[in-house]
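The values are calculated or read from the model by the stated rules, or taken from the named source; none is laboratory data. Computed from a predicted structure; not experimentally measured. For neighbour counting, all protein chains shown are included, and Cβ atoms are generated from backbone atoms with ideal geometry for every residue, glycine included.
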Amino acid sequence: MATIEILTYLSITTGGILIVLMFLSILGGLDLDFDFDAGDGDIDSSGGLGVVKAGLTFISVSSWIVKVILASKANPIVAIVAGFIGGYIAVLILKKIFQLLMTQTENVNWEPLDALHQSGKVYLKIPQKGSGIIQVLVNGVTRELKAKSMDQTEIATGESIFVQDYYEGYAMVKKL
């Protein structure tokens, strides 16, 4: 089998696997890749791309470039150097695309402690020695929490409050 045919099959196979992995990770959230621990947390070795996807990208693009240059009867050394450079550039471009996609994500998980030191409004009246419900903006979404008054005063519905503490399942609030 000729070198050009081997390079064609190599680039098509690795490119196909890469496309399937990309669709699985972008659309389905399934990431079949390896990451390295750099000591300060779990990070991808290539900035969000992963070792397998980076390797497949490099092999697919570099083998395609080498194949095209060899088909034009150029020097094999030039073809190999151009393939390495092209593969490296392709990995960098794909890495930047993944970083851009990752900046568009949002953390939708929250916990009541995220409401600390936030202002909000009383939704259901907070009696002197009881509890009511408040609405507080947490991560851009209005959340409802059970609340008690810090200074044991009644706070009417619609009043503005400030969350001072969170204790035993209740936001401890003060009237603003």
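Key figures
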{"item": "Any chance Val122 is among the hydrophobic types (A, V, I, L, M, F, W, C), surrounded by 12 or more Cβ atoms within 10 Å (Cβ to Cβ), in the same structural domain as Ser11 (by TED's automatic domain parsing) and over 24 Å from the mean Cα position of the chain (by Cα)", "result": "no"}
{"item": "Matching option when the condition is within 30 Å of Lys53 (Cβ to Cβ) and either among the aliphatic types (A, V, I, L, M) or surrounded by 11 or more Cβ atoms within 10 Å (Cβ to Cβ) (or both), among Lys148, Lys96, Lys174", "result": "Lys96"}
{"item": "Which listed residue is on the phi < 0 side of the Ramachandran plot, outside the structural domain of Leu10 (by TED's automatic domain parsing) and at pLDDT below 95, from Lys129, Lys95", "result": "Lys129"}
{"item": "Residue match in segment 40-58 (condition: assigned by TED's automatic domain parsing to the domain that holds Ser11, closer than 20 Å to Lys96 by Cβ and at pLDDT 90 or above)", "result": "yes"}
